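Written out below as structure tokens is the structure these notes cover.
The values are calculated or read from the model by the stated rules, or taken from the named source; none is laboratory data. Because the structure is predicted, anything quoted here is derived from the model rather than measured. All Cβ positions, even for glycine, are placed from backbone atoms using ideal geometry, and neighbour counts span all protein chains on display.
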Amino acid sequence: MKKFAIAMFALLICAVILPSVLALDVSVKDISVSETTPIYVGVGETIPVKAYFEFSENANDVVVEAELSYGHGKEVSARSLPIDVIKDVRYTKELSITIPTDIETTLPGEEYSLSVILKDGNGNILDGAEFPVLVQRTNDLLDIQKVIKTTAEAGKSTLVTVIVKNTGSDKQEDVYVKVTIPELGIAAEERLGDLVAMDDEDKDDTSTVDVPMRIPSNAADGTYSLSVTAYNGNVEVSKTESLKIKGGAAKMDASEIVSQVSSQEIEQGKSVTYGILVGNLAEDTQTYSVEVSGTDGWATYDVSPLKVTLGSKDSHVVNVMLTADGKAMIGAHTFVVTVKDASDKIVKQLTITADVKASKTKIDAMLISVIVLAVVLLILVIILVKSKKAETGTETEESYY
């Protein structure tokens, strides 16, 4: 309030030399505000603040600022980008302010002042207004205040510490915290317990829980998304963090990937099957996926199954059925079978050969054509020979007489 009064006093002093503002209207949450009737806002809520203004003269680098002061010297504010204003044109600027979760409230609510100020490029206040807002706590509201973790290691357990605060006006019972790493397909959950309402000054509304997680032994070295969720039957809130894992690419000695045949002959338009043996040599369950590349333009393929989950020391044969195009170029072609783990890391790549042969149907048709042509030529030769003999006989008779 004091800051705003000083700002308005400065505005009055400078009014004679600064551009005149014809109008300044404000809406909060798309509701036109007044200087007497407060507008409800919730703790933790992000509220839109719109300023509508018009100048009687041109002005450069005009900005709109919105500010909500609370507590002891605390404030939340927002500022628009500067714009050159043309006189007699109505402008609109929209800002957003998030009501802090640590703001003090009472039942049924606490009234605060929201100020909206227009400034020029030199920081001079051109106009301003102040409006009351009534801040109330939502009945059911949780806030994940902090997530504490250290670099994890593949094949070992790690501890994720989560601090949760009840920022609502009602007590929250049986709160649980769930931690997941989607890229690795793992999750862990622990009960946090009950949290009293934030307005209960006699008891603590904040609690901490440790969530242990075991990182898979085949987790690759890198940074992963860590999703943390606090929930009960009334409310749910989530937060995403990052977790560094020290490991390596899927180890070759933890998996056995072998093609049962490295090369096969395949007839144009026909199919052959390659068996890929996938074995899990690790101590824990592993999931593998199989992909094929390098067949464009000469063959199609089908993989069955696309994914396989294997327990420790288990194995399975994945069938890759390759179908050569009816017009595929004759000769040796290569394609690649890639096996990946659950985190999409490459375990092994196999280069396999398919030796394309001409279609037997085409060969048989060609052979028949050659035989028919040979018979036709033979008949023509016989007819030609007989014709020549007949001509010779006629000439001999004419000479005798």
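Among the numbered criteria (1) exposed (fewer than 13 other Cβ atoms within 10 Å of the Cβ); (2) touching a Phe, Trp or Tyr at 6+ places or on another chain (Cβ under 8 Å); (3) not aliphatic (A, V, I, L, M), which single criterion is violated by D325? For D325, the failing item is (1). For a quick check of your reading of the model, give me the residue pairs whose first member lies in segment 260-276 and is surrounded by 12 or more Cβ atoms within 10 Å (Cβ to Cβ), whose second is among the charged types (D, E, K, R), with beta-carbon atoms closer than 6 Å and at least 6 apart or on different chains. Note: pairs meeting the criteria are E265/D355; E265/K357; E267/K357. Taken as a whole, the condition of being of a type in the set (G, A, S), assigned by TED's automatic domain parsing to the domain that holds I148 and either buried (at least 16 other Cβ atoms within 10 Å of the Cβ) or modelled with pLDDT under 95 (or both) does not apply to A282.
Within segment 43-67, the set of residues being out of contact with any Phe, Trp or Tyr (no Cβ under 9 Å at 6 or more places or on another chain), crowded, with 16+ Cβ neighbours inside 10 Å, of a type outside the set (V, I, T) and in a strand (DSSP E or B) comprises K50, A59, E65, A66. Would a scan of segment 84-99 turn up a residue that is assigned to a loop (DSSP other than H, G, I, E, B), of a type in the set (S, T, N, Q) and out of contact with any Gly (no Cβ under 7 Å at 6 or more places or on another chain)? So far as segment 84-99 goes, no, none of its residues is assigned to a loop (DSSP other than H, G, I, E, B), of a type in the set (S, T, N, Q) and out of contact with any Gly (no Cβ under 7 Å at 6 or more places or on another chain). Filtering segment 147-176 to residues that are in contact with a Lys or Arg (Cβ under 8 Å, 6 or more places away or on another chain) and more than 26 Å from A282 (Cα to Cα) leaves V147, T161, V162, I163, T167, G168, S169, D174, V175, Y176.
Screening A129 on (1) assigned to a loop (DSSP other than H, G, I, E, B); (2) at negative phi shows it passes everything except condition (1).
A quick yes/no check of all residues on (1) β-branched (V, I, T); (2) farther than 23 Å from I125 by Cβ; (3) in contact with a Leu (Cβ under 8 Å, 6 or more places away or on another chain); (4) in the same structural domain as V164 (by TED's automatic domain parsing):
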residue	(1), (2), (3), (4)
K29	no, yes, no, no
P38	no, yes, yes, no
V62	yes, no, yes, no
S69	no, no, no, no
E75	no, no, yes, no
V89	yes, no, no, no
T92	yes, no, no, no
I99	yes, yes, yes, no
T106	yes, yes, no, no
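A quick yes/no check of all residues on (1) over 18 Å from K146 (Cα atoms); (2) among the aliphatic types (A, V, I, L, M); (3) buried (at least 18 other Cβ atoms within 10 Å of the Cβ):
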position	(1), (2), (3)
D170	yes, no, yes
R191	no, no, no
P216	yes, no, yes
G222	yes, no, no
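Going through segment 285-308 one residue at a time, which ones are buried (at least 16 other Cβ atoms within 10 Å of the Cβ) and either assigned to a strand (DSSP E or B) or touching a Pro at 6+ places or on another chain (Cβ under 6 Å) (or both)? Result: Q286, T287, Y288, S289, V290, V292, A299, Y301, V303, V308.
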